[in-house]
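Below is one structure, written out as structure tokens; comments come after it.
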Amino acid sequence: MKKNIASIALTLAACAAALPAHAQFAKPEDAVKYRQAVFTVTARHFGALGGMANGKVPFDAAAAAANADVLAAVHKLPWGAFGENTSGAKSNAKASVWKEAAKFKQGADEMDATVAKLVVAAKSGNLDNLKAAFGPAAKTCKSCHDQFKE
């Protein structure tokens with residue numbers, strides 16, 4: 001099952017990379033659904049790593065690596081779905097996403113960087129590495145939510 005999820009995520013990533021983000025969505029609502037779906041997948045796998053990092057579930061190196069594979073495939077996907085034409089669509093995004101676009105992009109770039117480090121740590125097979133990388137990634141995620149999500 002984990003390999004199927006990773007395969008699906010990699011396929012999704014490849015498809016998304018093949019077209020510019022603005023050309024992918026016929027309607028603003030499609031972009032919102034897309035980014036929400038990506039964030040749902042991201043949260044599921046990020047949360048699984050967090051459970052291990054925080055000691056809520058036993059550390060499993062293979063599961064950590066599998067979750068990291070999915071994160072590696074999807075963590076950059078949602079940013080292109082925040083096009084200007086989606087600012088009025090019904091979503092949980094605050095208007096500050098578009099009013100403070102440079103700050104939002106900086107947050108997205110920071111999230112991409114911390115998730116990339118988390119992926120490396122999760123694939124190391126070492127719980128201490130995972131713990132060290134999870135905190136900064138979670139902090140960056142929370143910061144963006146605090147500023148840009150209702």
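Using C-alpha pairs below 8 Å separated by at least 6 residues, the relative contact order for the range 38-145 is 35 percent.
Taking amide H atoms as placed 1.01 Å from N in the peptide plane, the amide H of residue 149 lies under 5 Å from those of 94, each 5 or more residues away in sequence or on another chain. Put a plus charge on the Cβ of each Lys and Arg, a minus charge on the Cβ of each Asp and Glu, and nothing anywhere else: the dipole of the range 20-133 about its Cα centre is then about 240 debye. Note on residue 70: accessible area is roughly 0 Å² with a 1.4 Å probe, heavy atoms of protein only. Model label points for residue 146 and residue 124, set 7 angstrom from Cα along the Cα-to-Cβ axis, are 2.6 nm apart.
The values are calculated or read from the model by the stated rules, or taken from the named source; none is laboratory data. Every value quoted in this text rests on a predicted model; they were computed, and no experiment measured them. A quick note on method: Cβ atoms are made from the backbone with ideal geometry, for glycine too, and the neighbour counts reach across all protein chains shown. Side chains are part of the model used for accessible areas, which takes the heavy atoms of the whole protein and leaves out ligands, DNA and RNA. Shrake-Rupley method; radii C 1.70, N 1.55, O 1.52, S 1.80 Å.
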